[in-house]
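Structure first, then comments.
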């Protein structure tokens, strides 16, 4: 049975939420526009579980949220334009789609 944690008690439950992600489970969470599913982007089974739960086609990739531009550049290839856009608009509600770096441990 899924456990629901009140948004008012998130700070008290962050350790438990992180444990769920680190052990390969998925969590549901509110974003600025929709409710989403989150999992460890390095865990192939957790990613597969999101696809399964959503009935999402395998050719339709998931979004990976990054802390900042430095983290994003560690996992994605940024050209001059995407780098300038990220510098100008991040943090903020702007999504950039970049090529995954070849030698990264992010799940494909």
| request: Send over the per residue convex hull volume for segment 1-64, Cα only, as a whole number of Å³. | output: 107
| Based on the mean of other beta carbon atoms within 10 Å per residue, what is the order of 25-38, 42-55, most packed first? | 42-55, 25-38
| Rule-of-thumb Rg ratio for the chain [Cα; 2.2 N^0.38 Å; N residues] | 1.18
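None of the figures in this text is laboratory data; all of them are computed from the coordinates on show. Predicted model, so just to flag it, every value in this text is computed and none were measured. Cβ sites come from the backbone with ideal geometry, for glycine too, and all protein chains shown count toward neighbours.
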